[in-house]
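The values are calculated or read from the model by the stated rules, or taken from the named source; none is laboratory data. Everything numeric in this text was worked out from a predicted model, so none of it was measured. Neighbour counts run over all protein chains shown; Cβ positions are idealised from the backbone, glycine included.
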Amino acid sequence: MAKTAVITGITGQDGAYLAQFLLTKGYNVVGVARRSSHYGVATHRLDWLGISNDVTIVDGDLLDLGGLCRIIKEYKPDEIYNLAAQSFVKTSWEQPALTAQATGVGVVNVLEAMRLEAPNARFYQASSSEMYGLIQEDRQSEKTPFYPRSPYAAAKLFGHWMTVNFRESFGLHCSSGILFNHESPLRGREFVTRKVTDGVAKIALGLTDELRLGNMDAKRDWGHAKDYVRAMWLMLQQTVPDDYVVATGVTCTVRSMVEVAFRHVGLDPDQYVKIDQAFFRPAEVDVLLGNPEKAQKTLGWTAEISMEEMIKEMVDADLQRNKSNLP
């Protein structure tokens, strides 16, 4: 009998790629999405992957425990992936209380719904490398102390520790993936990689003549979302639940990433990039570099797509979108 997976945040980048991956494994995929009057826009990532008609979308909200219980009771999932959140760091300073509720307390609601209605299911929590913040070690592993530097990171840390708490208190199969930056053509334009690739595409097509960015010297460990959703699934196939860093183990600056994007279309970034103080964070996270040894050893997982390959794919996708006026 086919397994059933419930994915919160299915209309986001990771949710869409995870749904696509699980469909190839023969799963029945149920996606939880907030009610929106712009449904067609909300599902554009699923449309891009050509899987909109292959998944079941149900209305739900992380802040509605009763609704989540109803969904879990009705669909009786074998696996639950909690990917929904207020996930943009910059917005978390502008809406800290909302971020705390959706990104932090929302995790507890999903865990509680599972505990009450499907205690034998397996649960995945999308934790974040932003939890390391002001880094305490040069390479961050599962044992590195956390030091969150944004309301988003603090909320993610609460959700992370509550996942551990439900695992240890109630014996539930709950795992967290501490995912470092992962991108793709499905990334939102508010995130720096997609802002860059979309901006480069617009410049190449003559639609604009500049790209405004913040801290070009920030360093990140960038991987592809396709690789990272595979790691999520592998965690829930283990007999013993645990927490894993998912990263490439390679870091580079925003500047280097920008240069890859501009070189791909034969342009010089120095002619188009403008530094804008409006895009600097109130508290910067200067460097993030993950240590994926545990995931490699226990899960047999490794990143397969390089940052350069990913950025070129994203530029090509944004050239196509801008030519066709697609979201």
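Would you confirm whether any residue within region 306-318 is more than 30 Å from LYS202 (Cα to Cα), of a type in the set (S, T, N, Q) and surrounded by fewer than 16 Cβ atoms within 10 Å (Cβ to Cβ)? Spell out the reasoning first.
Of the residues in region 306-318, the ones more than 30 Å from LYS202 (Cα to Cα) are none.
Looking through region 306-318, none of the residues is more than 30 Å from LYS202 (Cα to Cα), of a type in the set (S, T, N, Q) and surrounded by fewer than 16 Cβ atoms within 10 Å (Cβ to Cβ).
Quick one: which residue in THR251, THR298 is within 30 Å of PHE21 (Cα to Cα), surrounded by fewer than 19 Cβ atoms within 10 Å (Cβ to Cβ) and among the hydroxyl-bearing types (Ser, Thr, Tyr)?
On the way: THR251 fails: surrounded by fewer than 19 Cβ atoms within 10 Å (Cβ to Cβ).
Exactly one residue qualifies, and that residue is THR298.
Can you report the number of residues in region 212-245 which are without any contact (Cβ under 8 Å) to a residue 12 or more places away in the chain and basic (Lys, Arg)?
First, the residues of region 212-245 that are without any contact (Cβ under 8 Å) to a residue 12 or more places away in the chain: 237, 239-240.
Pick out the ones that are also basic (Lys, Arg) and you get none.
Residues that pass the stated criteria total 0.
Applying the selection to region 193-222, what residues are closer than 17 Å to ASP316 by Cα, in contact with a strand residue (DSSP E or B) (Cβ under 8 Å, 6 or more places away or on another chain) and buried (at least 22 other Cβ atoms within 10 Å of the Cβ)?
THR193, VAL196, GLY199, VAL200 - these are the residues of region 193-222 that are closer than 17 Å to ASP316 by Cα, in contact with a strand residue (DSSP E or B) (Cβ under 8 Å, 6 or more places away or on another chain) and buried (at least 22 other Cβ atoms within 10 Å of the Cβ).
Scanning for something part of a loop (DSSP other than H, G, I, E, B), surrounded by fewer than 18 Cβ atoms within 10 Å (Cβ to Cβ) and in the same structural domain as SER175 (by TED's automatic domain parsing), does region 6-24 turn up at least one residue? Steps first, answer last, please.
Here is the first cut: in region 6-24, the ones part of a loop (DSSP other than H, G, I, E, B) are 9-12.
With surrounded by fewer than 18 Cβ atoms within 10 Å (Cβ to Cβ) added as a condition, the list becomes none.
For region 6-24, residues part of a loop (DSSP other than H, G, I, E, B), surrounded by fewer than 18 Cβ atoms within 10 Å (Cβ to Cβ) and in the same structural domain as SER175 (by TED's automatic domain parsing): absent.
Looking at region 149-168, can you tell me whether even one residue there is among the acidic types (Asp, Glu), surrounded by fewer than 20 Cβ atoms within 10 Å (Cβ to Cβ), out of contact with any Ser or Thr (no Cβ under 7 Å at 6 or more places or on another chain) and over 23 Å from LEU299 (Cα atoms)?
As a first pass, look at region 149-168 and keep what is among the acidic types (Asp, Glu): 168.
After this cut, where a residue has to be surrounded by fewer than 20 Cβ atoms within 10 Å (Cβ to Cβ) as well, the list is 168.
Now restrict to residues that are out of contact with any Ser or Thr (no Cβ under 7 Å at 6 or more places or on another chain): 168.
Checking which are over 23 Å from LEU299 (Cα atoms) leaves us with none.
The answer is no, given that none of the residues of region 149-168 is among the acidic types (Asp, Glu), surrounded by fewer than 20 Cβ atoms within 10 Å (Cβ to Cβ), out of contact with any Ser or Thr (no Cβ under 7 Å at 6 or more places or on another chain) and over 23 Å from LEU299 (Cα atoms).
Condition check: touching a residue at least 24 places away in the same chain (Cβ under 8 Å), acidic (Asp, Glu) and not in a helix (DSSP H, G or I). Does GLU313 satisfy that?
On the way: touching a residue at least 24 places away in the same chain (Cβ under 8 Å): yes; acidic (Asp, Glu): yes; not in a helix (DSSP H, G or I): no.
No; evaluated as a whole, the condition is false for this residue.
Please give the strands (runs of 3 or more DSSP E) falling wholly within region 31-129 in which 1 or more residues are surrounded by fewer than 17 Cβ atoms within 10 Å (Cβ to Cβ) and touching a residue at least 60 places away in the same chain (Cβ under 8 Å).
Numbers: elements: 56-59, 79-82, 122-128.
Passing ranges: none, list empty.
Could you please let me know if VAL29 is closer than 23 Å to ASN120 by Cβ and in contact with a helix residue (DSSP H, G or I) (Cβ under 8 Å, 6 or more places away or on another chain)?
Spelling it out, VAL29 is indeed closer than 23 Å to ASN120 by Cβ and in contact with a helix residue (DSSP H, G or I) (Cβ under 8 Å, 6 or more places away or on another chain).
When both residues are 6+ apart or on different chains and their Cβ atoms are under 7 Å apart, which pairs have a first residue that lies in region 162-181 and is under 18 Å from ASP78 (Cβ atoms), and a second that is among the basic types (Lys, Arg) and part of a strand (DSSP E or B)?
HIS173/ARG122
When you go through (1) assigned to a helix (DSSP H, G or I); (2) not assigned by TED's automatic domain parsing to the domain that holds LYS202 one by one for TRP301, which number turns out not to apply?
The failed condition is (1).
So, of the residues in region 201-256 that are more than 20 Å from the chain's Cα centre (by Cα) and among the charged types (D, E, K, R), which turns out to be nearest to VAL287 (Cα to Cα)?
ASP217
Please specify each residue of region 23-45 satisfying the condition of being modelled with pLDDT under 95 and either touching an Asp or Glu at 6+ places or on another chain (Cβ under 7 Å) or among the small types (Gly, Ala, Ser) (or both).
ALA33, ARG34, ARG35, SER36, SER37, GLY40, ALA42
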